Amino acid sequence: MGTGNYAIELRELTKTFGDVVANDKVSLALERGEILSLLGENGSGKTTLMNMLSGIYFPDGGEILVDGKPVTIRSPKDAHDLGIGMIHQHFKLVDVLTAAENIILGMKGKGRLDRKAVAREVRAISEKYGFEIDPDQKIYDMSVSQKQTVEIVKVLYRGANVLILDEPTAVLTPQETEKLFDVLRSMKADGKSIIIITHKLREVMEISDKVAVLRKGQYIGTVDTADTDPQRLTEMMVGRSVSLNIERPKTEYQDLRLEVKGLNCRRDDGVKALEDVTFQAMGGEILGIAGIAGSGQKELLESIAGLHKVESGHIFYYPPRPDSDLARTGLHVPTDKAGEELVGKTPTQIHQIGVSLAFVPEDRLGMGLVADMGMVGNMMLKSYQSGKGPLVDRKAPKALAEILKDELEIATPSISTPVRRLSGGNVQKVLVGREIASSPTVLMTAYPVRGLDINSAYTIYDLLNEQKKLGAAVILVGEDLDVLLELCDRIMVLCGGRVSGVVDAAKTTKEEVGLLMTHIPTDREEADA
């Protein structure tokens, strides 16, 4: 190393935050004209490492070499001057400005801004690499993928030869992901060096030349993508063998559990969040909810849980059928009891009428748990009754906390330790475990494995399947389409607050779901179908 053949070299780079060692003497190299995937579980130190390279953090030890020469990077400006640009997961754009204005924002120039000249340069970069961008379009009029394009063009405009992308496909449809990958390949062919921080193994295999793996802040190794596979990469990340099989068990029968009719509601800012949403959720199935971020997923779950005001429409709950003989036939027989209207009821009232409805919200500590309480206190927030469930005995909150701690391998000094002192992944386990342990008849969960290591994620998938087999209706909002396609029975797609389609997960494709995420079929198209 150090011969100048590398665009970037990191030598024994170390970063600590108090007692936490985020990066422990990490050494890796990036060649010119190479796409390197940086892989690791949440908390493995991927983003911290790249933040040192892009000038957001300053390392406590080690050195960075650019083109074979040691450099000091104390700020993002230093990184830009060295030709390094980072595209963050959360975009840093000014909504009221145009694409061109955002691209040159903060750059030193002489005299008045020549908008036409900037637009020409932006179009030249776009044509060179295959971007689709209108320099004069306002950011607030852009889709998520268009905003990402602006961020990438912005760093290229400033002369970047090394690009770092943090979870670039997290908010993209499959079609937008393919477009992005085509652009990255064009940039690679032009000699650019690219680092992608990601956790999606299929995309790692598709786009990268090499994969560097971090585990708990330490560098495990770099492998050629052509010489590895998802199973081996997982073992490098976790340190042991992990099964990557997601089951989709068949249930004995399904019956109507939840019926939503013509649901309309608005966001807190008055903007329409859901428009005429209608669907059914069956007991004994997992119904996936897919859609671009902000398509109404959050408002839908909160409306059903009695946490969000409904403007109009109905939400009917149907209790499990007591007629077990009919249940075993596998035929759908309407419940004897009329549906119970949930709209207008508070969460407490929903519980009092006998609806066992569990809700795992996206904001764990803000809505799901009391941060200053330990696991025992948070268990006591729910009323536990006897019944069948995958987590064995629930005689007392303390016993339940101990069971969850062991079953889900929750890392905590004790079950009395305030949950705010736990890592995000462990907070997630506490919340999901508590909700599942209540043996719900309807289980709603938003991004249940976000922040979890791979082993814990598959444990959660198993627990969701257990609830499905017990007859619960599981409604799962997810962002990883590969997981939704393998785990769910049906997938409902939301686009702009409306239902654009409901598909059989076993028979559909990622591309079909991706199209529904960005396009609401017209009445004519639905008739033709």
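We did not get these values from a lab; they are worked out from the coordinates using the rules stated. All of these numbers come straight from a predicted model, not from anything done at the bench. Heads up, the Cβs are rebuilt from the backbone with ideal geometry, glycines too, and the neighbour counts pull from every protein chain shown.
Numbers for the structure displayed
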{"quantity": "Estimated 222 nm signal from helices in the chain, with DSSP H stretches of n ≥ 4 weighted -39500 (n - 2.57), rounded to 500", "calculated": "-9000 deg cm²/dmol"}
{"quantity": "Length gained when the stretch Gln137-Asp19 is fully extended (0.36 nm per residue, less Cα-Cα span)", "calculated": "37.8 nm"}
{"quantity": "Dipole magnitude of the chain, debye to nearest 20 (Cβ charges: Lys/Arg +1, Asp/Glu -1, about Cα centre)", "calculated": "1280"}
{"quantity": "Neighbour-count order for Val94, Val21, Val493, Val310, fewest beta carbons within 10 angstrom listed first", "calculated": "Val94, Val21, Val310, Val493"}
{"quantity": "Proxy reagent accessibility, fewest Cβ within 10 Å first, across Arg158, Arg120", "calculated": "Arg120, Arg158"}
{"quantity": "Geometric extent, Cα atoms of the range 421-485 - Rg, Dmax (angstrom)", "calculated": "11.5, 35"}
{"quantity": "Prolate/oblate/rounded label for the range 192-248 (Cα gyration tensor, a/c 1.5)", "calculated": "oblate"}
{"quantity": "All-pairs alpha carbon distance profile, the range 111-194, 10 Å steps from 0, percent", "calculated": "16, 51, 28, 4, 0"}
{"quantity": "Inter-label distance for Asp81 and Leu307, nm, one decimal - labels placed 7 Å from Cα along Cα-to-Cβ", "calculated": "4.7"}
{"quantity": "In the range 136-247, lysine pairs with alpha-carbon atoms under 26 angstrom apart (chain gap of 8 or more, or interchain)", "calculated": "22"}
{"quantity": "The chain - percent relative contact order, Cα under 8 Å, separation 6 or more", "calculated": "15"}
{"quantity": "Set of aspartates and glutamates near Lys15 by C-alpha distance (under 20 Å), chain-local residues within fewer than 8 positions excluded", "calculated": "Asp24, Glu41, Asp60, Glu63, Asp78, Asp166"}
{"quantity": "The range 69-143: relative contact order in percent, alpha carbon pairs under 8 Å with at least 6 residues between", "calculated": "36"}
{"quantity": "Length released on extending from Asp67 to Ser186, taking residue separation times 0.36 nm less the Cα-Cα span", "calculated": "40.7 nm"}
{"quantity": "Angstrom value of the Kirkwood radius, inverse mean 1/r, which spans all Cα pairs in the chain", "calculated": "25.2"}
{"quantity": "Ranking of Thr173, Thr234, Thr14 by count of other Cβ atoms within 10 Å, fewest first", "calculated": "Thr14, Thr234, Thr173"}
{"quantity": "For the range 392-493: lysine pairs under 19 Å (alpha-carbon distance), excluding those fewer than 8 apart on one chain", "calculated": "4"}
